[in-house]
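First comes the structure, then the notes that go with it.
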Amino acid sequence: AQSVSQHNHHVILSEAASLELGCNYSYGGTVNLFWYVQYPGQHLQLLLKYFSGDPLVKGIKGFEAEFIKSKFSFNLRKPSVQWSDTAEYFCAVSSGGSSNTGKLIFGQGTTLQVKP
Amino acid sequence: GAVVSQHPSWVICKSGTSVKIECRSLDFQATTMFWYRQFPKQSLMLMATSNEGSKATYEQGVEKDKFLINHASLTLSTLTVTSAHPEDSSFYICSASFQPNEQFFGPGTRLTVL
């Protein structure tokens, strides 16, 4: 069965600090990978996604993620965080290729708190 | 574009009553809708997948007779929590999709069962 693990549950950073949130998944086949963000009181929004091709994916708001197949990882990065990045971040995976049902398996989430 | 709404946003009910939550895709036709449950400070757990005009597919451990899902049109899916109990209190989130790799999420419904 698929599973997703996010190592950092709660991260506190000062503005302008660099961010890296870890995400590892467990699945033997082709996967699609996603990072979602949930700002306080708002719905989940897609930050970026990886299906195939260049393993370095750029998303909205300056975020990027790198798919490392050998490590089953899809870590999220941002060079310089802002106070407005304070939110909950979720890594998610779905089966890729012909077995794709669209079903998402989410990680536990990471709460990012950015201090001004 | 791709806006999904949920109604109500917050509901409080007495134990033993049933509650219906609506999920609507406002500006697109959703062939598939998903229902998730989110406990405080925890992840989203997929409850069921709903395709328009067919029966929902429930995840293992989710009681289909307790969580009734109807997807009667391409823009509306409903989740009915039947005979709700305090342990059903949670945040319920739907998402809508018109292609397999893209889901648009609703704002969620907070259910409190007294």
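A straight Cα-to-Cα reach below 12 Å connects residue B:66 with the aspartates and glutamates B:88, residues fewer than 8 places away in its own chain not being considered. This ranking places B:3, B:11, A:57, A:31 by how few other beta-carbon atoms lie within 10 Å of each, fewest first, which gives B:3, B:11, A:57, A:31. The phi-based Karplus calculation (6.51 cos²θ - 1.76 cosθ + 1.60; θ = phi - 60°) puts the 3J(HN,Hα) values of region A:30-47 at 5, 10, 10, 10, 9, 10, 10, 10, 10, 6, x, x, 10, 7, 5, 10, 6, 8 Hz, whole numbers, x for Gly and Pro. Taking R0 as 41 Å, what's the FRET efficiency between residue B:39 and residue A:66 from their Cβ-Cβ distance, rounded to 0.05? Using R0 = 41 Å, I get an efficiency of 0.85. For region A:39-99, the Stokes-Einstein estimate of translational diffusion at 37 °C and a viscosity of 0.692 mPa s comes to 251 µm²/s, using the Kirkwood hydrodynamic radius over alpha-carbon pairs. Taking the fewest neighbouring Cβ atoms within 10 Å as the starting point, the ordered list for A:101, B:31 is A:101, B:31.
A Förster distance of 45 Å, applied to the separation of the beta-carbon atoms of residue B:87 and residue A:84, puts the FRET efficiency at 0.80. Net charge near residue A:21: determine it from the other residues with C-beta under 15 Å of the C-beta of residue A:21, scoring Lys and Arg +1 and Asp and Glu -1. After counting each charged neighbour, the total is -1.
Taking 4.7 Å between C-beta atoms as the pairing limit, chain B has these partnerless cysteines: B:13.
Stokes-Einstein diffusion for the protein assembly as shown, with the hydrodynamic radius set to the Kirkwood value over Cα pairs and evaluated at 10 °C in a medium of 1.306 mPa s, equals 87 µm²/s.
Each residue in A:58, B:20, A:49 was given a count of other beta-carbon atoms within 10 angstrom of its own, and listing them fewest first yields A:58, B:20, A:49. Give me the distance between the Cα centres of region A:1-72 and region B:59-114, rounded to whole Å. The distance from the Cα centre of region A:1-72 to that of region B:59-114 comes to 25 Å.
The relative contact order of chain B comes to 37 percent, based on Cα pairs under 8 Å that sit 6 or more residues apart.
Its residues counted as N, chain B yields a C-alpha radius of gyration over 2.2 N^0.38 Å of 0.98. Note on residue A:9 and residue B:7: their simple-model spin labels are 3.9 nm apart, each label 7 Å out from Cα toward Cβ.
Values in this text are rule-based calculations from the coordinates and carry no lab data. These figures come from a predicted structure and were not determined experimentally. Methodologically, a virtual Cβ is constructed for each residue, glycine included, from the backbone with ideal geometry; neighbour enumeration extends over all protein chains shown.
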